[in-house]
1. Please determine whether any residue of segment 258-277 is of a type in the set (S, T, N, Q) and more than 22 Å from GLY64 (Cα to Cα).
2. Say whether the condition of being part of a helix (DSSP H, G or I) and modelled with pLDDT of 95 or more is met by at least one residue in segment 191-198.
3. Output the number of residues of segment 208-226 satisfying the condition of being free of Cβ contacts under 8 Å to residues at least 12 places away in the same chain and either within 23 Å of the chain's Cα centre (by Cα) or not assigned by TED's automatic domain parsing to the domain that holds PHE174 (or both).
4. In segment 141-165, which residues are under 11 Å from ILE217 (Cα atoms), of a type in the set (A, V, I, L, M, F, W, C) and either assigned to a strand (DSSP E or B) or touching a Lys or Arg at 6+ places or on another chain (Cβ under 8 Å) (or both)?
5. Taking the residues in segment 166-180 that are among the small types (Gly, Ala, Ser) and not in a helix (DSSP H, G or I) as candidates, determine which candidate is surrounded by the fewest Cβ atoms within 10 Å (Cβ to Cβ).
6. When you check ALA285 against the structure, is it in the same structural domain as ASN112 (by TED's automatic domain parsing), under 17 Å from the mean Cα position of the chain (by Cα) and either of a type in the set (Gly, Ala, Ser) or over 19 Å from GLN109 (Cβ atoms) (or both), yes or no?
Amino acid sequence: MKIGILTSGGDAPGMNAAIRAVVRKALYHNCKVYGIKRGFAGILNGEIVPLSSRSVGDILQRGGTILKSARCTEFKTPEGQAKAKEQLEKMGLNGLVIIGGDGSFRGAQILNRMGFLTVGIPGTIDNDIGCTDYSIGFDTAVNTVLDAINKIRDTASSHSRVYVVEVMGKNSGFIAIAAGLAGGAEAVLVPEVPYDLDAVCKQIVKSIKKGKAHSIILVAEGLMGDPVNMEHSSGFIVGKYIQTHTGADTRVTVLGHIQRGGNPTFFDRKLATLMGAKAVDLLLAGETEKMVGFVNNRIEVFSIDEALSTKAKINLEELELSNIMASV
């Protein structure tokens, strides 16, 4: 069997570990493996190279993706899809492992309709894919945020300031909630839950009166505003409101793409390895249009259609607990 592997969309720590697992598990079963560079664009451009065991040596601990990633609008067109089919048939590929988010999975569905076996692996720091408790990269991203909060708290305490920290997640609050709970934030604001900035201001004033030296407010980038324009981002809008309505010395930190990089944690390396190996098993069994998920501490398999139609839900109990921890 000839298996192709690609990474698409935003990079996430652990993608390289998944690539390594797919390659070595496939080679163990005497398959040939090909890496497709720059996502779906690489299919159209014929950037398809053979991968050996040595090709994926010393990448387990590296962030990013050795196959690189790119967006590709041409692949969405009938002409682009016809070109993709031609390129894959030229290489004789029968199965494809696609690592990425919901856009990547839609691409997998298109390739499946062309007659190729496809298996998706959820790789996104946003953790917003349905049918899995965790996606590759989420744990590392949260730990990156926690490290930043620890450092910001040192200076916030030294200067008795309020720090608003904006974190990634597109339109989901998974990173903000997890980091807020584990990092001791005074408030966590996410797109999924109606927010009350006046209530946040009251909490800050209350904390100041109790003698608290600082406050950390976590804001998910998709809360409001424009994440691309820093001056109009969610974090800066919230920070300006707090400064105006409390009079507290307020600073804003937008963590941005630092959350995507870095060495993957133990959990992301293990998750990626388990998912990559399972993806190969599915292809060898003739399964297609499947997604490998991680539910209740077990690897599970779902249809890509189910994963795309199932909305990943934040844990409201964790958000409430975070608020309780900060309120007393």
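The values are calculated or read from the model by the stated rules, or taken from the named source; none is laboratory data. Since we're looking at a predicted model, the values are computed, not measured. Every residue, glycine among them, receives a Cβ derived from its backbone with ideal geometry; neighbour counts consider all protein chains shown.
1. Checking segment 258-277: not a single residue is of a type in the set (S, T, N, Q) and more than 22 Å from GLY64 (Cα to Cα).
2. Yes, the conditions are met somewhere in segment 191-198.
3. So the answer is 1.
4. Result: VAL162, VAL164, VAL165.
5. Among residues in segment 166-180 that are among the small types (Gly, Ala, Ser) and not in a helix (DSSP H, G or I), the one surrounded by the fewest Cβ atoms within 10 Å (Cβ to Cβ) is SER172.
6. Taking the combined requirement at face value, the residue does not satisfy it.
The rows are residues; the columns are (1) crowded, with 24+ Cβ neighbours inside 10 Å; (2) within 21 Å of MET224 (Cα to Cα); (3) not assigned by TED's automatic domain parsing to the domain that holds HIS245; (4) not hydroxyl-bearing (Ser, Thr, Tyr).
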{"residue": "ALA182", "(1), (2), (3), (4)": "no, no, no, yes"}
{"residue": "VAL188", "(1), (2), (3), (4)": "yes, yes, no, yes"}
{"residue": "PRO191", "(1), (2), (3), (4)": "no, yes, no, yes"}
{"residue": "ALA199", "(1), (2), (3), (4)": "no, yes, no, yes"}
{"residue": "LYS202", "(1), (2), (3), (4)": "no, yes, no, yes"}
{"residue": "LYS206", "(1), (2), (3), (4)": "no, no, no, yes"}
